[in-house]
Amino acid sequence: MRIPKTHPRYESLVRRETLARAWKDGIVVPEGLIAHGRGEAFDYLFGEETSAPALVAEKAAAAALLRASRPVISVNGNVAALAALDVPATIEVNLFHRTEERVRKIVQVLDRAGTVRVLGRRPDARIPGLDSRRALCHREGIYKADVVLVPLEDGDRAEALVAMGKTVISVDLNPMSRTSRRASIPVVDDVTRALRNIERFARELRGDPEETSRILNAYRRVGNLRAAHSVLAWRLERFSKRRGARRRKRGARKRA
Ligand code: PTJ
């Protein structure tokens with residue numbers, strides 16, 4: 001389907017089309033389409049744009065990745081379909097609904113996009129305390145990583161990775177999810193925008209260790225997450241006030 005560029009929700013519709021195509025190609029699972037719907041609902045509430053607290057978290061995420069000795073980004077079906085993976089980290093495909101066929105296809109997509117080395121096909125370690133197939137990982141990838149970027153994660157694994165002593169950067173539009181509450185640096189933003197911003201901040205900070213340290217020292221996860229909650233509350237309040245004002249205006253016109 002051709003989506004007119006003038007459509008007010010053009011970007012969101014393009015993302016839907018991309019995901020639907022990726023589902024037909026066996027990259028994304030149907031559950032991934034449902035998960036995206038939940039993300040979209042939150043994105044709508046955030047005004048479909050990156051909030052100020054999300055930008056702060058994205059900068060901290062870039063700083064943490066630059067500081068890491070073994071940074072890894074964990075890629076699932078939705079992330080492979082939606083995001084450009086130019087962040088400074090090793091890429092490992094790790095799926096909740098894991099089949100070897102899907103892992104192979106996703107690795108192929110990333111290879112074609114020019115990624116140098118993609119892990120995921122021959123896992124040789126397990127994340128302790130996890131029963132799902134998401135526990136399967138590479139010793140040289142997620143298992144030994146000190147910083148792991150986990151976009152669109154389930155809370156169990158985020159928790160298990162934190163328990164392994166890793167710095168966990170999550171990307172999840174739901175600021176109330178267990179993932180957002182457990183991650184060391186929760187980024188509450190759409191995955192496409194978040195990875196684009198993290199990549200840009202990493203480029204800007206590279207070669208500036210002082211500023212990188214300053215950003216990491218200044219970042220406060222609890223305060224940042226609270227700020228994300230406040231953005232939602234403020235937007236809802238403003239919306240209901242505007243509706244109230246419109247109703248009062250209509251009432252006054254009728255009475256006049
Ligand atoms: O490809 P697989 O097999 O690894 O499966 C991937 C999914 C996404 C199906 C799997 O990880 C899953 O079931 O995830 P959950 O537990 O539904 O969590 C997904 C979270 O991502 C939810 O909290 C959504 O709000 C959030 N989310 C969805 N779309 C986006 C998003 N966050 C940011 N950007 C999005 N586009």
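The values are calculated or read from the model by the stated rules, or taken from the named source; none is laboratory data. Here the structure is a predicted model, which is why all the values come from computation and not from measurement. Cβ coordinates were reconstructed from backbone atoms using ideal geometry, including for glycine residues, and neighbour counts include every protein chain displayed. Areas reflect the complete protein model, heavy atoms only, side chains present, ligands, DNA and RNA absent. Shrake-Rupley method; radii C 1.70, N 1.55, O 1.52, S 1.80 Å.
Quick notes
- Scanning segment 70-119 for residues being free of Cβ contacts under 8 Å to residues at least 60 places away in the same chain, small (Gly, Ala, Ser) and open to solvent by 30 Å² or more (accessible area, probe 1.4 Å) gives a total of 2.
- Answer from Arg67, Arg126, Arg133 - the residue that is of a type outside the set (Gly, Ala, Ser) and either open to solvent by less than 10 Å² (accessible area, probe 1.4 Å) or modelled with pLDDT under 95 (or both): Arg133
- Yes/no for Ala218 being open to solvent by 40 Å² or more (accessible area, probe 1.4 Å), more than 14 Å from the ligand (Cβ to nearest atom), among the aliphatic types (A, V, I, L, M) and farther than 30 Å from Glu92 by Cα: no
- Looking across segment 1-20, the residues that are basic (Lys, Arg) and free of Cβ contacts under 8 Å to residues at least 60 places away in the same chain come down to Arg2, Lys5, Arg9, Arg16.
- Residue match in segment 193-201 (condition: in a helix (DSSP H, G or I) and more than 14 Å from the chain's Cα centre (by Cα)): yes
- Residue ID - nearest to His229 (Cα to Cα), chosen from residues in segment 31-45 that are more than 6 Å from the ligand (Cβ to nearest atom) and open to solvent by 90 Å² or more (accessible area, probe 1.4 Å): Tyr44
- Pairs meeting the criteria (first residue in segment 147-160 and under 19 Å from Ala83 (Cα atoms) and within 9 Å of the ligand (Cβ to nearest atom), second residue assigned to a strand (DSSP E or B) and of a type in the set (Gly, Ala, Ser), beta carbons under 9 Å, at least 6 apart or on different chains) are Pro151/Ser74; Pro151/Ser170; Leu152/Ser170; Glu153/Ser74; Glu153/Ser170.
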